[in-house]
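The values are calculated or read from the model by the stated rules, or taken from the named source; none is laboratory data. Fair warning: this is a prediction, and the values are worked out from it, not measured in the lab. We place every Cβ from the backbone using ideal geometry, glycine too, and count neighbours over all the protein chains shown. All accessible areas refer to the heavy atoms of the entire protein, side chains included, with ligands and DNA or RNA removed. Shrake-Rupley method; radii C 1.70, N 1.55, O 1.52, S 1.80 Å.
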Number of protein chains: 2
Amino acid sequence: MKTAKWIWYPGDFELELANKCMTRRYERDTPVPPFWRLDRAYPNVKFIKNFKLQKRNEIMIKAEGKLNLMLNDRFIYNFNGILFLGPGDYRFVISVYNDSGLPCLYLESEELVSDESWEVTCNDHRYFAATTDKLVHNSTPNNVRLSTTRIEAVAIIKQENAVVYDFGKEMMAYPFFEGIQSKGVIRLYYGESFAEASDLEHCETLDYYSITHEKEFQTPIARAFRYLAIISDVKYEKLSAMAEFIPVDFCSSFSCSDPLLTEIYQVSLSTLHLNMREFMLDGIKRDRWLWSGDAYQSYLMDYYSFFETDVIKRTMLALFGKTPIKTHINHIMDYSFYWLMAFDDYYRYTGDSVFIDNNFPKILEMLDFCLSRTNKNGLMEGLPGDWVFVDWADLDNSGEVAFEQMLLYLALDRVIKLGKILRKEETVKKYAEWKISVQNKLEKFWNEGKGAYVYSFKNGKADGVITRHPNMLAVLFDIADSQRKQIIKERVLLNSGVPPITTPYMRFYELAALCELGEYDYVMKEIRDYWGGMLSEGATSFWETYDHRQTGVEKYAMYGRRYGKSLCHAWGASPLYLIGKYFIGLTPGKTESEFILRPHLSDLDWFNAELPLAKGKIRIHVDHEKIELYSDKANGELILDGTLNICGAEAIHHNNLTTIKIKGSTNYILEIQ
Amino acid sequence: MKTAKWIWYPGDFELELANKCMTRRYERDTPVPPFWRLDRAYPNVKFIKNFKLQKRNEIMIKAEGKLNLMLNDRFIYNFNGILFLGPGDYRFVISVYNDSGLPCLYLESEELVSDESWEVTCNDHRYFAATTDKLVHNSTPNNVRLSTTRIEAVAIIKQENAVVYDFGKEMMAYPFFEGIQSKGVIRLYYGESFAEASDLEHCETLDYYSITHEKEFQTPIARAFRYLAIISDVKYEKLSAMAEFIPVDFCSSFSCSDPLLTEIYQVSLSTLHLNMREFMLDGIKRDRWLWSGDAYQSYLMDYYSFFETDVIKRTMLALFGKTPIKTHINHIMDYSFYWLMAFDDYYRYTGDSVFIDNNFPKILEMLDFCLSRTNKNGLMEGLPGDWVFVDWADLDNSGEVAFEQMLLYLALDRVIKLGKILRKEETVKKYAEWKISVQNKLEKFWNEGKGAYVYSFKNGKADGVITRHPNMLAVLFDIADSQRKQIIKERVLLNSGVPPITTPYMRFYELAALCELGEYDYVMKEIRDYWGGMLSEGATSFWETYDHRQTGVEKYAMYGRRYGKSLCHAWGASPLYLIGKYFIGLTPGKTESEFILRPHLSDLDWFNAELPLAKGKIRIHVDHEKIELYSDKANGELILDGTLNICGAEAIHHNNLTTIKIKGSTNYILEIQ
């Protein structure tokens, strides 16, 4: 018997849910909606299905919205939720109109159920497969909430005005009061740090609730905190926190001979999990918004940890919104390009061409939007309203910024790749010319004398400024050839005269680029210093920015606000990617059903790791003497640096590398001699 | 002191309200939403205002939606509805997010109020003047309801199962029960005819309501009826009807020596008023939807009766919806063209170029959408999903239908005219070429032998079918020259061998065309026969179609349903236009501030009429001996057929016409000698 699912118009669940999630942002008592256009679900849709019944079926039908049933071209009157139909051929056209949320349908019977085999239209003569989402399981599509688990305070600190509860770690949670014995007002002041929660005048988030008759009370909006200060007229017996999280398979693990690195991995996992909710959020305390550049990195981390691809798809769809495109995603030029590039990663890691195919019209519209905004030189330059971001740093982003042109080039390259996979020859041809043209234009940014790509061109002249940003991008994404890469490494990336990067956001690319250049030991040290530094500050999740020189409360400040900094920021979790891709060394093979493993111990004595694949997973132990490897399903290749003698399998030597073919469902114990 | 108004993003009030209105359509107990795409308000908007205060103001601010106040770039915390601001320069950026309706703002203080001087954006970097609507006066924008007035039953007829109340005339009303003495279920069966209300199994609309404790009960949805059958477990003392209507100025009147014509005018007025609600509806019983072709005629009738232009603007905006355009308006090819043409009428009658200017991007998008769908001959031909309608009649609308090409030509012509007014030279130039090209292509439809435009071309060949439709359009809109017009009159319009038109919808154009050809007496007779025929059937409003040969209940049937026909259909009110434009003889002059009056008594002895102008009104009495005329504001010209001697003013004779210049605020008594 087939399983009935709530179904809807593709992409619309994501829009409605993202609107709900993003508008839960408050600063103090003030709601702060996103500053970009939000779009809504089509309110008036039709679900269509031709079907045959072999016998009499009792069909239960429900909808969120007004329901109109048309069976074989006739309205069904007096419908009370159940329909009985005998054997025969039928056609259902079911209209659902919802003026306050997502119109959606649920139909259950022995032979016929609502599922992705139904067609849906927003009444514009275009018909798509209906979609569903596993977030909708014990609720309806318009009332989706994540799972919760109870967390008890580990300490209660009485202060002059307030009582501060310490829950021991960063959470996104609903405070939950039990044994309420009186009425009155409860005031809650949330803090990611103790300093924040106890600074009632300046903490970023707070709530006031009136209790009239309740014996128990759970707040309606989950907030990010570890510490919670309470001022209450109300007597209650107990306060705990109902931590809200997305149920995922904790299918990755990493432990090694260095406990600090093991802890960094753990806290990264927790940081990503906290920010990976209905969507990939930037940070859970403050924005709770979807930012395409932040999310792009979260997707990559996700492939190396939870491999939870539904949240990626939801985020991609919500970021796009609805046509017509009038601005860059999040108003940020870079973020439109990251959105495009993310489809290529998604395909490489998952092999899911259906999602690419379904969204290819959106991909093309976004790329055309960007191309329609090139300047007279055919390059990207900020137009009024565009935010050219690159990084939180003191950057002059006027003119033709090299970083943006590189992203344009990469976006073109990725769309062409996807076009080839989907066999869209006309599209491929059209953009191939653009790509070559942009590739040629990138040359003007290369300054041979400085051994670096300059930051930008203004009024036809190079500005001469050298930053790490375009240079690490050129290394990471093979824009520079191998000779230039070496020059960039020496003259920029390992040159302390070039200003350092302070955000984990851009450190992600910098450290990845250094790994690409073989600087494993350097990167290992940087990870220990930077992320280890936050741990030494007591972090239970990684931060939006970190500067070890800041001490005391000043380290919590940002955006001119005392506690403006997010202490649980998705981009802080990048060690997941760095460790997964460069130390454990996993990448997809020629297809997503194969893998390549190229482990690097660096200065570690050993590590144990488990990582997910699109289909299946791998487990690996590496030390200086041996490698133990098991892949439950996929075949792959193990590649080791150097020409090594291996016991336990046949090894191929080539280009100073040792390659061992790995078959799925086989335990390998490979001794390195 | 300025008046505070609820304000919102332009066009969005109309979308949300139209969705509400159209989804109140039910067939029996089944909701029937429109079969086209519905769009929604942008949920997340910003209102912006720079202002200066001279003194301390107490500012009251409220919104429908979540409110975020930013004053001089800083959030206002702890906002409780009132803000005190001292003298100074300020900038407000107020965000409103509404996830279930229209985000809107209301701000009131001595010096600063919310009104059309505020800017608004949907956060796409495009800024527009905020708009308001006078429908919002004693409610909020999301809760607009029209006015009501109590109507008592004129007769109560007891039947076997039910009691039938006769309210004496067609209404859109909420049944209202008073003195309820018990609980139970009330079943209501509505009828535009007695036959319908008392046929419980087949009446088009019905409602069941459970009464639990109410002493009084008014139904939540107004329905169209004159008769109401009740089956009730509930005891109540009284049932009346709260008739719902749009408050308008009854600023037109017409009475004449023929009481039948006087009555036809009255019932037309009532028919239009009933269908002219939040929007111009097609009919109040069944569709309650916005149909562009129907509405186009209602606009024209409105200029000759209520001159209520807000409802026209609301309807035009709601019909457009939001970009991107994916289908014709209402899916009907003709209806996209009528929508475009309506802007020209609107401008001619009102002189309001602001509305045209604000919506010119939409106008161009709609025209381009149509042009993008021309076939290889550059003509319109139905594409998959397109409904080529023309009329409810047995028409083969495949191939290149002449009627549609004429509408395309007219749409191009009208957009060019508007482009000239707005000084959009590029636009004018672009479409002028298109227009000439279509004009030339229309020639192939003219069949000299038949003295008529043929109905269509299929596969390069004329189908040879002659109907009135393209021919009356060619006369009415000057597509044919005067010689062809005379040929069409004889060979088509006055030729009983050409199948007659049976819908008031197309009779509108047919009779108008005949008036243009000077056939006043013929048209007068047709009006008496056709509309008088409905009155002789007891009509209190005019019908969707009428055929005097149908007798008994068969006259109520349509669309295969026993009471499918609408007995209160907007297009039934066309005598308002025919009498106003051709018998009273009013048209706008060179500008909307001038008028031309060319009265025709036809076979009447006299008439008295009052008609609105864009600014002001005219009153006129005409009989065979004299004309009395008063215009309260506008200047104009009175034109009489023939070379006449006039006492009371100076007359100019030219081309067998007599013209008298009329000055506003002057009483004229003109004796014809």
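The residue pairs whose first member lies in the stretch B:16-28 and is farther than 15 Å from B:ASP282 by Cα and more than 10 Å from chain A (Cβ to nearest Cβ), whose second member is open to solvent by 10 Å² or more (accessible area, probe 1.4 Å) and part of a helix (DSSP H, G or I), and whose beta carbons are closer than 8 Å, counting only pairs six or more residues apart or on different chains, are B:LEU17/B:ALA318. A:ASN330 meets all of the listed conditions (1) of a type outside the set (Lys, Arg); (2) within 14 Å of another protein chain (Cβ to nearest Cβ); (3) touching an Asp or Glu at 6+ places or on another chain (Cβ under 8 Å) but one, namely (3).
Checking each residue in the stretch A:141-161 for being open to solvent by 40 Å² or more (accessible area, probe 1.4 Å) and among the β-branched types (Val, Ile, Thr) picks out A:THR148, A:THR149, A:VAL154, A:ILE156, A:ILE157. Take A:SER198 and tell me if it is of a type in the set (S, T, N, Q) and within 16 Å of A:ASP29 (Cβ to Cβ). So A:SER198 does not fit the description; no. Hey, among A:CYS104, A:CYS122, which residue is under 25 Å from B:GLY321 (Cα atoms) and within 14 Å of another protein chain (Cβ to nearest Cβ)? Only one candidate qualifies: A:CYS122. Helices (runs of 4 or more DSSP H) fully within the stretch B:386-497 that include at least 3 residues being within 19 Å of B:SER336 (Cα to Cα): B:402-421, B:425-442, B:468-476. Which count do you get for residues in the stretch A:98-130 that are within 29 Å of the chain's Cα centre (by Cα), closer than 16 Å to A:GLU14 by Cβ and either open to solvent by less than 40 Å² (accessible area, probe 1.4 Å) or modelled with pLDDT under 95 (or both)? Here the count works out to 7. Could you go through the stretch A:241-248 and let me know if any residue there is in contact with an Asp or Glu (Cβ under 6 Å, 6 or more places away or on another chain) and among the β-branched types (Val, Ile, Thr). Yes, the conditions are met somewhere in the stretch A:241-248. Restricting attention to the stretch B:587-608, the residues that are open to solvent by less than 10 Å² (accessible area, probe 1.4 Å) and either assigned to a helix (DSSP H, G or I) or in contact with a helix residue (DSSP H, G or I) (Cβ under 8 Å, 6 or more places away or on another chain) (or both) total 2. Within the stretch B:34-58, restricting attention to residues that are in a strand (DSSP E or B) and either among the acidic types (Asp, Glu) or surrounded by 22 or more Cβ atoms within 10 Å (Cβ to Cβ) (or both), the residue that is farthest from the other protein chains (Cβ to nearest Cβ) is B:GLU58. In the stretch A:370-429, of all residues being within 14 Å of chain B (Cβ to nearest Cβ) and in contact with a helix residue (DSSP H, G or I) (Cβ under 7 Å, 6 or more places away or on another chain), the one that is most open to solvent (accessible area, probe 1.4 Å) corresponds to A:TRP387. Taking the listed residues B:ASP521, B:ASP478, B:ASP529, the one that is open to solvent by 40 Å² or more (accessible area, probe 1.4 Å) and within 26 Å of B:ASP344 (Cβ to Cβ) is B:ASP478, with no other qualifying. Restricting the stretch B:303-353 to residues that are assigned to a helix (DSSP H, G or I), over 22 Å from B:LEU17 (Cα atoms) and polar (S, T, N, Q), which is most open to solvent (accessible area, probe 1.4 Å)? That would be B:SER353. Within the stretch B:133-155, residues that are under 19 Å from B:PRO220 (Cβ atoms) have Cβ atoms under 8 Å from residues that are open to solvent by 20 Å² or more (accessible area, probe 1.4 Å) and assigned to a helix (DSSP H, G or I) in these pairs: B:LEU135/B:ASP310, counting only partners at least 6 apart in sequence or on another chain. Against the list (1) surrounded by 22 or more Cβ atoms within 10 Å (Cβ to Cβ); (2) under 18 Å from B:SER100 (Cβ atoms); (3) at the interface with chain B (Cβ under 8 Å from one of its Cβ atoms), the condition A:PRO31 fails is (1). For the stretch B:146-161, which positions are more than 27 Å from the chain's Cα centre (by Cα) and not in a strand (DSSP E or B)? Selection gives B:GLU152, B:ALA153, B:VAL154, B:GLN159, B:GLU160, B:ASN161. Evaluating A:THR262 against the criteria (1) farther than 30 Å from A:ILE180 by Cα; (2) touching a residue at least 12 places away in the same chain (Cβ under 8 Å) leaves one unmet condition, (2). Selection of the stretch A:1-28 for residues being closer than 30 Å to A:LEU67 by Cβ, open to solvent by 30 Å² or more (accessible area, probe 1.4 Å) and of a type in the set (Ser, Thr, Tyr) yields only A:THR3.
Within the stretch A:63-83, the set of residues being in a strand (DSSP E or B) and either within 10 Å of chain B (Cβ to nearest Cβ) or open to solvent by 90 Å² or more (accessible area, probe 1.4 Å) (or both) comprises A:LYS66, A:LEU67, A:ASN68, A:LEU69, A:MET70, A:ARG74, A:PHE75.
When B:ARG226, B:ARG187 are checked against the criterion of being within 14 Å of another protein chain (Cβ to nearest Cβ) and either of a type in the set (A, V, I, L, M) or touching a Ser or Thr at 6+ places or on another chain (Cβ under 8 Å) (or both), B:ARG187 stands alone in meeting it.
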